[in-house]
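Notes to accompany the following structure.
Quick note: the coordinates plus some simple rules give every number you see, no bench work behind them. Keep in mind that this is a model prediction, so the values were computed, not measured. Neighbour counts run over all protein chains shown; Cβ positions are idealised from the backbone, glycine included.
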Amino acid sequence: MKFWIVFFTSTLIFTACRTQTPPARESKAIHDLEYRRDTRITAWQPFFKPSESENIKQEALRALSHMRPAPVLPLLDSLLAAGLNPGLQKRALYAVGQARTLRAEKILLAHYEHLSDTLKIHALKALALCGGAATVPILKAALNNDILREQALMTAGILARKKTDTRVLTQIISDSTWQKGASLGTAYYLYNTVSKKDGPVLQRYLPRSKNQAAVYYLKTLKKWLKQSPSLEDSARNQWQARVIRLLGDKANKSWRHLYHGLRVLESMADSSALPFVTSMTRQPNRHVRMEALSVFYTINGAGALTFYLETLKKTDELMEKALLMELIARIRPSLAYQLVNRYLDKGHSAFKARLLDVLAIIDNNQSRRIIRSFLNTRDPLLVHKAFTLLESRKTLRFSDVKKLLSRPETGVVYDALDWQRQHKRYVDVHTLLDVLNRFNAPDHFEVQEQVLKILSMKKATLTDPQRKMLESALQTRAIVDVYNNFFQASLAPPDPVGENRPLYLAVDSVMHYRPAPRLVRISTSRGDMDVLLDFKETPLTSLNFLKLASKGFYNNLTFHRVVTDFVIQGGDPNGDGSGGPGYMIPSEDGMPFERGTVGIATAGYDTGGCQFFICHSVQPHLDGNYTAFGKVIKGMEIVDNILPGDLIYKITPIQ
């Protein structure tokens, strides 16, 4: 009897393992449609039948929100009209916003008044992606609603950043009864719309602001001061006192407040702030310390030389040394030239690139000769820097540019092609096609696009073999579109699933992967940071990051780009921002970009690969425009101290 019980139990388990349940089949079908970017309404309608489970509907809407699905807007419109539950309505609203068309804006505005206040917040977030002038009345009305006000201001700020005329600031200024003006939403909106007349608003709200709002008010004040060069000295002194008082508030003691406060003081250049600035040169945070050194020069001029030379002897920080040499070059170029020559063969690429900037400031025959010599180095970051400096001084030669086309680095060849296109100094068609033949991977699409643009501007006539070779090199939809426009052709775009992607990015692999190691540790030359990956919202991006990390792809790469109080960016095998893994992954919508959010770097929709960035602070304008696939949950102090050139030792999954 026991034998038959064991036998039947085993048979049932085996059958269950081999047979996909209907929800599993539907889930796989949804992922497959998303992966192929299939936007046929008939393909998506079956997932929204009344009899379908809420989970499948949720999954389908999540997939559609990843796709910028303009052709599916009628389906989403009908779903909103049919009255979905709040969770599904939230997803549907965001999916509509991701379409980014006037039709999407009309749909959101048509349903807006029938939504609850909670759902109106999500509609406002969606309007930040697709809204225009027609959204302005909705934003004005939302300013009078305590629940909606904050999101309305954030949406207005994002639209203003995109140069959409929102015309709502006048209401903020005139409403004297509004006592919540120091919020993040107000600060963010004001930062994106500030004008000369906004001094009273800043004067009113700056002293009451805290945390992230205080950061945006400080950034706004700097922009406002730049627009008000005729401000009287007494008024500038009052503003300076307000800023120093704000930075003395215990609620505003983060390095970001100090950094932006220093930038405001720099724009005032008042000697009375020198004691405070000097104290900031001893701050533990590198961004604050380096900004204080720059402000010290602005205030003290040539009198800063002795202080800089003493600091140069004491510091071990390479990027700080480079900054000090740059400041010394502004005071005594001959001394800076000697210092640069002493350090030029030391340190990492980002340090040497900064030294080339110093040579450009010195700008004599010897410094120009040294800069030109770096066009022949093996390091693409240094080639790019030398190229940029020579171009900015109009000393770049066509012969230099032609030599760069034979280089193996994507970024270097892109620079050379872009220069030719802008200056209309073209190489022959054979050389351009040779470039395409060498750069035919999907993540070389920017080089491919430049070649096509040059061929178009040259009005080149290609032989049949040349055209076939050209067509075989085109690996992305965007590039095929450029080709079709140029040749008036109808070349079919490549299959987005594509054989160029690794097997682990196939739909079956993504569906059956069990993401046990959702936590990864990024070990850097500054210390370790732990990142929690978001497999639920961004399974493909998370899996790609995890797999690349597991096989050692990121070992000993660098953080090549650091923008203070914005992001740190790394993971480029070329080290100059142009590299990729040899393929591209589809974009996926994820969490909002807050402090510590990890996103995938792209050059446009569906062009992600291996480069990633981590936010220093909240960045609302990135929401929905880049894939956010993780969050730093430990080690943000490491993120805060990363400088260009810092190493990624390795990235390891934590079980």
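Only Cα pairs under 8 Å and 6+ residues apart enter the sum, and on that basis the relative contact order of segment 303-462 stands at 13 percent.
Site pair residue 208 and residue 423 shows an inter-label distance of 5.6 nm when each label is modelled 7 Å from Cα along Cα→Cβ. Placing +1 on the Cβ of every Lys and Arg and -1 on the Cβ of every Asp and Glu, with nothing else charged, gives segment 503-654 a dipole about its Cα centre of roughly 500 debye.
For residue 219, the aspartates and glutamates whose Cα falls under 15 Å of its own Cα, not counting residues fewer than eight places away in the same chain, are 198, 266, 291, 565.
If we count other beta carbons within 10 Å of each Cβ, what is the order of 294, 367, fewest first?
With the fewest neighbours first, 294, 367 line up as 294, 367.
Looking at segment 534-608, the trypsin sites (Lys or Arg not before Pro) that sit in a DSSP loop and have at most 13 other Cβ atoms within 10 Å of their own Cβ are 536, 551. Remind me, relative contact order of the chain in percent, using alpha carbon pairs under 8 angstrom and six or more residues apart? In percent, rounded to a whole number, it is 9. Annotation: the residues 196, 210, sorted from fewest to most other C-beta atoms within 10 Å of their own C-beta, follow the order 196, 210. If R0 equals 41 Å, the separation of the Cβ atoms of residue 511 and residue 101 corresponds to a calculated FRET efficiency of about 0.85.
Between the C-alpha center of segment 341-356 and that of segment 579-612 there is a gap of 30 Å. Seen from residue 598, the other residues with C-beta closer than 12 Å to its C-beta sum to a net charge of -1, counting Lys and Arg as +1 and Asp and Glu as -1. For segment 503-654, the relative contact order works out to 34 percent when only alpha carbon pairs closer than 8 Å and six or more residues apart are counted. Here the dipole of the chain is about 1020 debye; that uses its Cα centre as origin and unit charges on the Cβ of Lys and Arg (positive) and Asp and Glu (negative). Once you've got the Cα coordinates, tell me which of 90/120; 223/321; 163/631; 424/453; 162/631; 346/650 are over 19 Å apart. Among 90/120; 223/321; 163/631; 424/453; 162/631; 346/650, the Cα-Cα distance tops 19 Å for 223/321; 163/631; 162/631; 346/650.
The distance linking segment 252-288 with segment 188-230 is 17 Å (Cα centroid to Cα centroid, whole angstrom). Neighbour counting of Cβ atoms within 10 Å sorts the residues 59, 326, 594, 232, fewest neighbours leading, into 232, 594, 59, 326.
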